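To start, the structure itself, in structure tokens.
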Amino acid sequence: MTILFPKENAEAQECGPKVGVFLSGGGALGFAHIGMLQALEEAGISPEYVSGASMGALVGAFYSAGNDPQQIKEIVMKEKLYKRENLFALSGAKVKGVSLSANRKVRNILSRHIGTDQFDDLEKHFMVAVSNLTESQTEVIDSGDGLIDYLLASMAIPGVFEPVVIDGDIYVDGGSLNHFPTKSIREKVDILIGIDVMPRKGDVTISNTKDLLTSFIHSLAIVSGEEGRDLCDYMVESSAINFYSAFDFDKFEEIHNYGYETMKKYLEEHPELVAEVTP
């Protein structure tokens, strides 16, 4: 007996499961995302749904705009994003006196390499997490205009980059209130791969005020991200945090390579992921 499927079901069977990836924040540690995406692509895994917060949103936006991981790496090299002076701007802030840096340099880089302010113009379905301080909640935006502003908001580490005001609300770093906001992308995909560049550290040491504040922020990220991590089908952690800090932008190559090798090893140890996702 021949069973005829409706056209949309046949297309869904041919295309396979909807695959999504969530990329966490982590400052310079987020360079690992590029290497991890490279390893996924080499294994034949190219997620069509991408969500991210903070540095994960930056990498995710470049990826969703049609750049493959090698091209994203080339953007980092061309724009010298591994140099802090190319990210931080001491003047030009719209919100005065509340941050160390304006976001105009990052805005220019985003405009050049994404080329649109519309979510719907991107090649992949992209979702960006932002923290709305006015409403005290995490929001995930995936449609309409204002793409660049929401990206800047997602990257606006409180006190470091200026907050972004959108429709009268104040927005900052997308991982501030929830380190792993995966609920929205979970609802849209069949298989969700989570990538965390700020997992638990193997050892915590405190010798000065900076260490104390860093450990405190990291602990908040661990606690706030537990629920979102549990929503992932596959959870991949980059332990580069044991060797580098979120401000080690000059260690771009090393962090990138660490991410690549981490994902390669994970895929070798989880062949079921490749089998489940690829035709």
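The values are calculated or read from the model by the stated rules, or taken from the named source; none is laboratory data. What you see is a predicted model, and the numbers here were worked out from it, not measured in a lab. A quick note on method: Cβ atoms are made from the backbone with ideal geometry, for glycine too, and the neighbour counts reach across all protein chains shown. Accessible surface areas use protein heavy atoms only, side chains included; no ligands, DNA or RNA. Shrake-Rupley method; radii C 1.70, N 1.55, O 1.52, S 1.80 Å.
Details
- When the range 26-59 is filtered for residues that are assigned to a strand (DSSP E or B) and open to solvent by 10 Å² or more (accessible area, probe 1.4 Å), only Tyr49 remains.
Yes or no, residue by residue, for (1) under 19 Å from Ile195 (Cβ atoms); (2) at pLDDT below 90; (3) not polar (S, T, N, Q):
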residue	(1), (2), (3)
Pro69	yes, no, yes
Val76	yes, no, yes
Val98	no, yes, yes
Lys105	no, yes, yes
Asp120	no, no, yes
Glu123	no, no, yes
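- Among the criteria (1) at pLDDT below 90; (2) farther than 19 Å from Phe22 by Cβ, the one Pro271 does not fulfil is (1).
- Filter result for Thr134 (touching an Asp or Glu at 6+ places or on another chain (Cβ under 8 Å) and either closer than 19 Å to His179 by Cβ or surrounded by fewer than 20 Cβ atoms within 10 Å (Cβ to Cβ) (or both)): yes
- Residues (more than 10 Å from the chain's Cα centre (by Cα) and under 19 Å from Ser176 (Cβ atoms)) located in the range 28-38: Ala28, Leu29
- Output for the range 235-252, where each listed residue is closer than 15 Å to His33 by Cβ and without any contact (Cβ under 8 Å) to a residue 60 or more places away in the chain: Met235, Glu237, Ser239
- Scanning the range 187-204 for residues being free of Cβ contacts under 8 Å to residues at least 60 places away in the same chain and surrounded by fewer than 21 Cβ atoms within 10 Å (Cβ to Cβ) gives a total of 6.
- Residue match in the range 153-166 (condition: in a loop (DSSP other than H, G, I, E, B), under 25 Å from Leu87 (Cα atoms) and open to solvent by less than 20 Å² (accessible area, probe 1.4 Å)): yes
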